[in-house]
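Trainee: Submitted below is the structure of interest, expressed as structure tokens.
The values are calculated or read from the model by the stated rules, or taken from the named source; none is laboratory data. Worth saying up front: this structure is predicted, and the values here are computed from it rather than measured. Cβ placement follows ideal geometry from the backbone for every residue including glycine, while neighbour counts extend to all protein chains displayed. SASA here: full protein model, heavy atoms, side chains in, ligands and nucleic acids out. Shrake-Rupley method; radii C 1.70, N 1.55, O 1.52, S 1.80 Å.
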Amino acid sequence: MATSKPKAKRPAVKAKATKPKAAARGRKPAPKRPTKAAPAASAASGATTDIESVLNERRIFAPSASFAAKAHVPSIAKHKALSKRAVENPEAFWGEMAKNVDWIKPWKKVLDWKPPFARWFDGGLLNLSANCVDRHAATWRKNKAAIVWEGEPGDERVLTYGDLLREVSRFANVLKSLGVEKGDRVAIYMPMIPELPIALLACTRIGATHSVIFGGFSAEALRDRINDAQATAVITADGGWRRGAEVALKPQVDAAISGAPSVRHVVVVKRTGTAIHMEPGRDHWWHDLVEGASPNCPPEPVESEHPLFILYTSGTTGKPKGVVHTTGGYLVQTTLTTKWVFDLKEKDVFFCTADVGWVTGHSYVVYGPLANGATVVMYEGAPKHADPARFWKIIEKHRVTIFYTAPTAIRAFMKWGAEWPRKYDLSSLRLLGTVGEPINPEAWMWYRREIGADRCPIVDTWWQTETGAIMITPLPGAVPTKPGSGTLPFPGIVPEVVTRDGDPVPAGSGGLLVIRKPWPGMLRTIHGDPERYKQQYWSQIPGTYFTGDGARCDKDGYFWIMGRVDDVINVAGHRLGTMEIESALVSHTRVAEAAVVPRPDDLKGQAVVAFVTLESGYHADPALKDELKRHVVKEIGAIARPDEIRFSDALPKTRSGKIMRRLLRDIASGKQSIGDTTTLEDLSVLAKLREEEE
Ligand code: WT7
């Protein structure tokens with residue numbers, strides 16, 4: 001972590017980070033319930049510009065000796081040594097790590113940094129599909145399973161590295177035959193089927209830049225993104241399966257393309273077999289084109305800084321924000337993080353539940369694992385189909401060893417009940433991971449106990465679409481974990497918690513999370529808008545990358561992410577991270593999930609409104625509202641007491657599982673018209689929340 005001495009501008013805040021003691025060394029985990037610190041309100045210090053941290057988690061879990069003994073990074077001493085070297089001489093460190101990937105021509109310079117524009121491994125030539133496929137297909141791994149795929153209806157396909165080489169090469173030739181050239185943009189709008197990674201890898205094989213648009217987006221959202229990228233081809237399917245029903249894709253593509261003149265060709269995979277319109281001359285069936293394509297397609301060498309993909313991320317304004325990633329640096333960091341964070345070994349079976357429509361799917365379903373020659377499990381559908389045990393069945397059946405999912409999913413598993421995972425044999429698992437949101441300690445403990453049998457380390461990995469790869473994370477054989485903390489920076493990454501002016505805050509205080517030094521997987525720009533890139537990421541806190549997240553760093557150098565700073569609530573001058581109040585609510589036995597938002601309040605500035613989903617079997621009754629308010633006061637302090645509690649069957653979420661607090665804010669403040677809902681997963685949730693109001 002950062003080495004600069006904190007300059008206290010105001011007295012330290014609430015949370016007294018407690019030095020972990022016995023539990024770290026003992027075999028038995030610390031007691032289930034931590035002792036909470038004194039209520040926050042007692043230390044209140046008036047108005048402040050920083051975020052106050054009130055969460056105080058003291059449990060700690062050291063890596064087991066047996067896990068550590070075999071790990072790539074086997075001790076905290078080794079972790080420290082690596083980090084020290086990486087921070088002192090980042091170029092030497094990353095230059096050495098870059099040897100994990102195959103270069104056609106070596107780079108001349110590790111880093112060319114003209115803030116805020118970085119060039120990594122300049123002068124180097126490589127090909128990404130050659131790294132993910134050819135170099136394994138050329139060895140005994142030719143017959144190793146690369147992708148073990150399961151469709152939602154239960155159909156299965158296994159592709160070895162040899163198969164993948166053939167299919168990727170054929171589809172690369174198809175793209176060429178359609179006139180797609182190096183540097184062209186290809187939009188990909190597909191279900192989670194094997195043709196999706198094949199399409200990605202085929203683009204990289206010829207140097208085309210892909211832009212995956214999540215299959216749940218509307219035609220309108222798709223059109224905006226195609227137009228912004230000026231894509232010349234679209235790869236899609238007739239539809240896909242989700243929750244037992246067909247999700248139509250091709251009709252959305254037709255609607256989108258009517259307003260997207262750059263598109264010349266559409267390739268359609270037949271997945272559901274439903275009747276669709278095929279526009280002569282423009283639309284082609286995948287199977288027809290591939291049938292006639294040669295399985296030989298030499299990988300095109302590209303510059304390290306060649307644009308690999310554009311991925312659109314939820315901006316607050318209407319204009320899509322296309323995050324641009326390039327080839328060499330991205331591959332170096334995804335390859336290395338997959339190996340060290342997931343402690344990946346030859347025989348592992350890696351199951352990341354993310355959709356390839358999100359960055360997690362790009363980096364940890366496709367590129368990171370395949371670059372390492374791993375076996376990846378890929379699943380098409382919903383976790384609850386045909387019953388809430390689907391993931392556990394998949395784990396049992398394919399003997400999954402590493403499982404990587406999101407806190408929102410874990411909270412859903414909790415809500416559905418531990419009886420589901422208990423029915424299946426999960427003993428193949430050896431490591432668990434989470435990503436996407438802060439994980440509340442209760443969910444972390446449940447995950448560890450019910451899925452990991454108190455045996456598997458948990459890696460809580462913090463990163464962003466913009467960072468390309470994991471940034472803050474435990475290395476499981478080295479770093480003792482604390483529930484709810486992403487723990488330490490990955491070697492070579494330099495995060496810090498600062499004030500609005502960029503000054504470090506004291507240990508334990510809340511502040512803004514920044515990254516001090518460039519890293520190989522970082523975004524290079526916003527597609528077509530370098531000014532926005534500068535403004536959004538590099539200008540808010542001068543001279544440094546601002547993540548948009550609030551965080552605190554405790555005395556042990558552990559990072560605790562408090563969520564987006566936009567989600568902060570200002571109660572009588574205290575800026576509270578909503579995540580911590582949510583965490584307190586979820587620690588109540590009856591609560592499955594909670595979302596906390598502000599509502600304007602004449603007296604306090606903002607009042608705290610909590611939307612709460614109960615565990616199955618519990619009923620919403622008024623007495624419970626008071627009990628929950630008291631519970632928050634007990635856990636955190638009077639300052640965080642919710643002014644209003646609303647029960648709800650479900651919370652509005654994006655399709656990647658993030659709670660859309662923006663919509664809840666509107667509902668809480670009684671606004672009639674609600675902002676952009678195109679990324680909302682289930683519109684009926686909103687209608688129900690509205691009814692609640694009546
Ligand atoms: C934002 C990035 C990175 C892949 C998926 C999301 C939040 C992500 C964690 C974590 C706490 C997390 C942050 C971040 N986030 N991982 N382990 N602990 N918060 O990518 O959609 O770009 O979102 O997700 O707020 O900034 P994304």
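Trainee: Restricting to segment 456-480, name every residue that is open to solvent by 10 Å² or more (accessible area, probe 1.4 Å) and away from the ligand (no atom under 12 Å from the Cβ).
Mentor: PRO457, PRO480
Trainee: While we're looking at this one, here's another question. For segment 216-240, which positions are in contact with a Pro (Cβ under 6 Å, 6 or more places away or on another chain) and within 18 Å of HIS385 (Cα to Cα)? Explain how you work it out, then say what you get.
Mentor: Taking segment 216-240 and keeping what is in contact with a Pro (Cβ under 6 Å, 6 or more places away or on another chain), we get 224-225, 228, 237, 240.
Within segment 216-240, GLY240 is the sole residue that qualifies.
Trainee: Answer yes if at least one residue in segment 413-421 is open to solvent by less than 20 Å² (accessible area, probe 1.4 Å) and in contact (Cβ under 8 Å) with a residue 40 or more places away in the chain, and no otherwise. First the steps, then the outcome.
Mentor: Of segment 413-421, the ones open to solvent by less than 20 Å² (accessible area, probe 1.4 Å) are 413, 417-418, 421.
Then drop every residue that is not in contact (Cβ under 8 Å) with a residue 40 or more places away in the chain, which leaves 417.
Yes, that holds for at least one residue.
Trainee: Looking only at residues in segment 560-606 that are away from the ligand (no atom under 16 Å from the Cβ) and among the polar types (S, T, N, Q), which one is farthest from the chain's Cα centre (by Cα)?
Mentor: Selected residue: GLN606.
Trainee: Can you say whether ARG590 is touching a residue at least 60 places away in the same chain (Cβ under 8 Å) and among the basic types (Lys, Arg), as far as the supplied structure shows? Can you show your working first?
Mentor: Details: touching a residue at least 60 places away in the same chain (Cβ under 8 Å): no; among the basic types (Lys, Arg): yes.
So ARG590 fails the test.
Trainee: Kindly establish whether GLY452 is out of contact with any helix residue (DSSP H, G or I) (no Cβ under 9 Å at 6 or more places or on another chain) and open to solvent by less than 10 Å² (accessible area, probe 1.4 Å). Steps first, answer last, please.
Mentor: Values: out of contact with any helix residue (DSSP H, G or I) (no Cβ under 9 Å at 6 or more places or on another chain): yes; open to solvent by less than 10 Å² (accessible area, probe 1.4 Å): yes.
When the stated conditions are applied, GLY452 passes them.
Trainee: Please go through segment 212-222 and pick out each residue that is surrounded by fewer than 24 Cβ atoms within 10 Å (Cβ to Cβ) and modelled with pLDDT of 95 or more. Lay out the reasoning, then the answer.
Mentor: Within segment 212-222, the first condition is being surrounded by fewer than 24 Cβ atoms within 10 Å (Cβ to Cβ), and the residues that meet it are 214, 216-221.
If the condition is that a residue be surrounded by fewer than 24 Cβ atoms within 10 Å (Cβ to Cβ) and modelled with pLDDT of 95 or more, then no residue fits.
Trainee: Select from segment 434-449 the residues that are open to solvent by less than 20 Å² (accessible area, probe 1.4 Å) and within 9 Å of the ligand (Cβ to nearest atom) and write down the one among them that is farthest from the chain's Cα centre (by Cα).
Mentor: The residue in question is ILE439.
Trainee: Do we have PRO489 as under 15 Å from CYS553 (Cα atoms) and within 12 Å of the ligand (Cβ to nearest atom) here?
Mentor: No.
Trainee: Does ASP163 fit the bill of being surrounded by fewer than 22 Cβ atoms within 10 Å (Cβ to Cβ), without any contact (Cβ under 8 Å) to a residue 12 or more places away in the chain and not in a loop (DSSP other than H, G, I, E, B)?
Mentor: Numbers: surrounded by fewer than 22 Cβ atoms within 10 Å (Cβ to Cβ): yes; without any contact (Cβ under 8 Å) to a residue 12 or more places away in the chain: no; not in a loop (DSSP other than H, G, I, E, B): yes.
Here the answer is no, as ASP163 does not meet what is asked.
Trainee: List the residue pairs whose Cβ atoms are under 8 Å apart, where the first residue sits in segment 526-547 and is more than 20 Å from ASP567 (Cα to Cα) and of a type in the set (Gly, Ala, Ser), the second is within 16 Å of the ligand (Cβ to nearest atom) and outside any loop (DSSP other than H, G, I, E, B), and the two are 6 or more positions apart or on different chains.
Mentor: Once the first residue is more than 20 Å from ASP567 (Cα to Cα) and of a type in the set (Gly, Ala, Ser) and sits in segment 526-547, its partners that are within 16 Å of the ligand (Cβ to nearest atom) and outside any loop (DSSP other than H, G, I, E, B) give GLY528/GLY322.
Trainee: For segment 117-128, does any single residue satisfy the condition of being free of Cβ contacts under 8 Å to residues at least 60 places away in the same chain, buried (at least 17 other Cβ atoms within 10 Å of the Cβ) and farther than 30 Å from TRP538 by Cβ? It would help to see each step written out before you state the result.
Mentor: In the first step, residues of segment 117-128 are kept if they are free of Cβ contacts under 8 Å to residues at least 60 places away in the same chain; the result is none.
No, segment 117-128 has no match at all.
Trainee: Select from segment 630-667 the residues that are touching a Pro at 6+ places or on another chain (Cβ under 7 Å), open to solvent by 30 Å² or more (accessible area, probe 1.4 Å) and modelled with pLDDT under 85 and list them in ascending order.
Mentor: ALA638
Trainee: Something else now. Any residue in segment 643-665 that is within 18 Å of ALA584 (Cα to Cα), more than 16 Å from the ligand (Cβ to nearest atom) and free of Cβ contacts under 8 Å to residues at least 24 places away in the same chain?
Mentor: No, every residue in segment 643-665 fails to be within 18 Å of ALA584 (Cα to Cα), more than 16 Å from the ligand (Cβ to nearest atom) and free of Cβ contacts under 8 Å to residues at least 24 places away in the same chain.
Trainee: Here is a follow-up. Answer with yes or no whether VAL498 is among the aliphatic types (A, V, I, L, M) and within 13 Å of the ligand (Cβ to nearest atom).
Mentor: On the way: among the aliphatic types (A, V, I, L, M): yes; within 13 Å of the ligand (Cβ to nearest atom): no.
No: the conditions fail for VAL498.
Trainee: Exactly one of (1) assigned to a loop (DSSP other than H, G, I, E, B); (2) open to solvent by less than 20 Å² (accessible area, probe 1.4 Å) is unmet by GLY328. Its number?
Mentor: Unmet for GLY328, out of (1) assigned to a loop (DSSP other than H, G, I, E, B); (2) open to solvent by less than 20 Å² (accessible area, probe 1.4 Å): (1).
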